[in-house]
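**Q** Have a look at this one before I ask anything.
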Amino acid sequence: MTTAYHHGSLAVQRRLGVQQAAARIAPSVRPGIRPVAAAFLEAQPMLVLGAAAPDGRVWAGLLTGEPGFARATGPHTVAVAGAPGPGDPLAGALADGARVGTIALDPRTRRRMRLNGTVRTGARGLLIEAEEIFSNCPKYLQKRELYGAAPAGPPAGAARRGEVLTEAQLAAVRAADTFFVATTGPDGADVSHRGGNPGFVRADGPRALLWRDYPGNAMFLTLGNLETDDRAGLLFLDWENGTTLQLSGRARMVYHLGERYVRFRVDSVVETPGASPLRWSAPEYSPANPTTP
């Protein structure tokens, strides 16, 4: 059996009968940054990170910059020019030695790559010591074109904090076709992507979200982490105006009529208007997206 999976992922794989499929794909998880991975990372204008803050809450957040702001500086090291701002709850989570998960996602090409390891702060931003790097398939990834960055102006608006979702935030979640989920487990932190047609995330109340876990690569890294630690952080991005909605809470997997779902309980909310300067086109939905009720 491979060491690519900890006991939480192995338990989910056994429960769903996909051990052989998971074992076949396990060698794709590598400790080193290959040239093709380095080139992909350096071409991206955004990077999503996830980690656990000192108070125990898990958060996912967004960093942006000119292509090259995140780049491999060696076979196991990534330098990121910049860091979360003081209003970002992820800022307190990235202390030296913290376990961090990242995902570089390119909506223009429907490609994505995850890189997990430990983080250190430097004079120009963050330094990440990579422990595992792997790519995912383009399933459920909406295609978007990058219009560019918004004209220079005032900094992002003040973060709005709360413990429950407002009606406007609930509407944004229900309209979303993409979000990111950060989790932690025995092997460290991880960030993954979730996508679908608008409505694929169900908001049942100001603290209750539900989404179906669509078929994927059989690795079950996110659900494996949740098997051992139910803390999670979600990031929703308004692709048109750059507003970010960060949620921290608890998640668990449930089964119903042969399908698996994830229930998420919201404990903390941070909304930041204009947090991202990037402006993207309307989506071309993935042909893999299931229809939503």
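The values are calculated or read from the model by the stated rules, or taken from the named source; none is laboratory data. Everything numeric here is computed off the predicted structure, so don't read it as measured data. With ideal geometry, Cβ positions are generated from the backbone for all residues, glycine too; neighbour counts draw on all protein chains shown. Only protein heavy atoms, including side chains, enter the accessible area calculation; ligands, DNA and RNA are left aside. Shrake-Rupley method; radii C 1.70, N 1.55, O 1.52, S 1.80 Å.
**Q** Using R₀ = 45 Å, calculate the FRET efficiency as 1/(1 + (r/R₀)^6) where r is the Cβ-Cβ separation of Arg202 and His76; round to 0.05.
**A** According to the calculation, E is roughly 0.65.
**Q** How many angstrom lie between the Cα centre of segment 133-212 and the Cα centre of segment 53-91?
**A** 17 Å
**Q** Express in % the proportion of alpha carbon pairs of segment 125-238 at distances exceeding 23 Å.
**A** Pairs farther apart than 23 Å: 43 percent.
**Q** Given the convex hull of the Cα atoms of the chain, what is a quarter of its surface area in nm²?
**A** Projected over every direction and averaged, the Cα hull of the chain covers 14.2 nm².
**Q** Which of these, Val119, Val262, Val58, has the largest mean-square fluctuation under a Gaussian network model of the chain (Cα springs below 10 Å)?
**A** Sorting by GNM fluctuation, first place goes to Val262.
**Q** Still on this model: Ala95 to Leu146: extension gain in nm, 0.36 nm per residue of separation minus the Cα-Cα distance?
**A** Net length gain for the segment: 15.2 nm.
**Q** How much of the accessible area of the chain, in percent, comes from carbon and sulfur atoms when a 1.4 Å probe is used?
**A** The computed percentage sits at 53.
**Q** Using all Cα-Cα distances in segment 1-129, what percent lands in each 5 angstrom bin from 0 up to the longest?
**A** Taking all Cα pairs of segment 1-129, the binned fractions are 2, 10, 18, 20, 18, 15, 11, 5, 1, 0 percent.
**Q** Accessible area of Trp211, 1.4 Å probe, to the nearest 10 Å²?
**A** 10 Å²
**Q** With just the Cα atoms defining each centre, how far is segment 96-121 from segment 219-293? Give it in Å.
**A** The distance from the Cα centre of segment 96-121 to that of segment 219-293 comes to 16 Å.
**Q** Test of understanding: what is the full-extension gain from Arg24 to Glu66, defined as 0.36 nm times their sequence separation minus their Cα-Cα distance?
**A** Extra length from Arg24 to Glu66 when fully extended: 11.5 nm.
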